[in-house]
Amino acid sequence: MESSWLGSVWEMAVKKQMARRELGRLAGKKGMTDGVFLEDLQSLGMILLASMPKPAKKDNSRSNYATVVTGYWPYDGNGNDKPLLFAVMKLADTNINVKSQLYQEGVRLKLINAQDQLVFIDDVSTNLHAEMAIVNYLCTKEGIQKQNLCGLLEIYCSGKGVCLDCSGWMTKHGIIHAPLSGAPSPTGWKNPLTFALYKASGENLVYTKGLSELSHFNRAYGGPYQGNVKL
């Protein structure tokens with residue numbers, strides 16, 4: 001397969017990343033931080049944060065802090081009133097007491113009224129951000145089309161703000177979210193539906209989808225992946 005074709009895919013990935021991050025920078029202006037449930041989600045996030053140990057590393061790197069994200073889906077996508085309250089805890093163990101406390105608070109806030117409406121996600125694949133884990137759950141396990149997330153799903157990120165990539169993807173699909181970090185992820189970002197992985201940016205971008213990896217190096221010279229590359 002010609003390296004020019006590889007280059008076109010890699011260059012498209014660079015452009016997609018740039019466009020996504022630009023949307024993330026515009027999230028506030030587009031009203032993506034103004035939601036009905038964000039205040040409640042923030043208070044629920046504080047409950048989760050209080051239950052977690054402090055990070056072992058003593059520096060301020062965003063990647064060293066456990067991620068706590070809460071989300072709320074008021075409908076099941078089929079016209080039935082089935083709310084779902086999400087809690088995603090990466091890099092941390094979820095104990096039974098916290099689940100019980102979060103459920104009771106969700107009921108008090110009138111967000112949910114049954115145990116099966118509280119969804120805990122604590123097993124998330126590497127580089128799939130917590131916000132995107134909620135999107136993946138709704139689309140793959142609840143069968144909701146991504147275009148139907150618009151105006152309904154709300155997500156709050158506690159402890160650190162939403163990165164530019166997550167913010168851009170959610171802005172594109174009309175998902176309310178806060179707070180904004182204004183910065184890209186320092187470790188990488190994975191699309192919640194295709195699982196395409198973007199690491200670094202610009203000339204240094206490494207784009208991986210399935211078993212194929214494209215970078216500036218193999219764009220120009222064929223690199224380690226030569227022959228039939230399926231993306």
Considering every residue within the range 128-141, establish whether at least one is touching an Asp or Glu at 6+ places or on another chain (Cβ under 7 Å) and in contact (Cβ under 8 Å) with a residue 12 or more places away in the chain. no
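Taking the range 75-123 as the region of interest, how many residues are among the β-branched types (V, I, T) and at pLDDT below 90?
If we filter the range 75-123 for residues that are among the β-branched types (V, I, T), which is where we start, we get 88, 94, 96, 98, 107, 112, 119, 121.
Add one more test, that the residue is at pLDDT below 90, and what stays is 94, 96, 98.
Total meeting the criteria: 3.
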If we ask which residues in the range 100-120 are surrounded by fewer than 17 Cβ atoms within 10 Å (Cβ to Cβ) and among the β-branched types (V, I, T), their number turns out to be 1
What are the residues in the range 163-183 that are surrounded by 21 or more Cβ atoms within 10 Å (Cβ to Cβ) and either modelled with pLDDT under 95 or of a type outside the set (D, E) (or both), if any? C163, L164, C166, S167, G168, W169, M170, T171, I175, I176, H177, A178
Failed item, numbered, when E213 is tested on (1) part of a helix (DSSP H, G or I); (2) charged (D, E, K, R); (3) out of contact with any helix residue (DSSP H, G or I) (no Cβ under 7 Å at 6 or more places or on another chain): (1)
Of the residues in the range 185-207 that are of a type outside the set (K, R) and under 12 Å from the mean Cα position of the chain (by Cα), the one that is surrounded by the most Cβ atoms within 10 Å (Cβ to Cβ) is W189
Cβ pairs under 8 Å, 6+ apart or interchain, first in the range 5-30 and buried (at least 16 other Cβ atoms within 10 Å of the Cβ) and part of a helix (DSSP H, G or I), second among the acidic types (D, E) and at pLDDT 95 or above, ordered by first then second residue, are Q17/D165; R20/D165; R21/D165; G24/D165
Residues of the range 142-171 being within 16 Å of K30 (Cβ to Cβ) and of a type in the set (S, T, Y), which ones? S167, T171
Mind checking which pairs have a first residue in the range 193-214 that is at positive phi and a second that is among the aromatic types (F, W, Y), Cβ under 9 Å, 6 or more apart or different chains? G210/F195
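The values are calculated or read from the model by the stated rules, or taken from the named source; none is laboratory data. All figures in this text were calculated on a predicted structure; none of them were measured in a lab. Backbone-built Cβ (ideal geometry, glycine too); neighbour counts: all protein chains shown.
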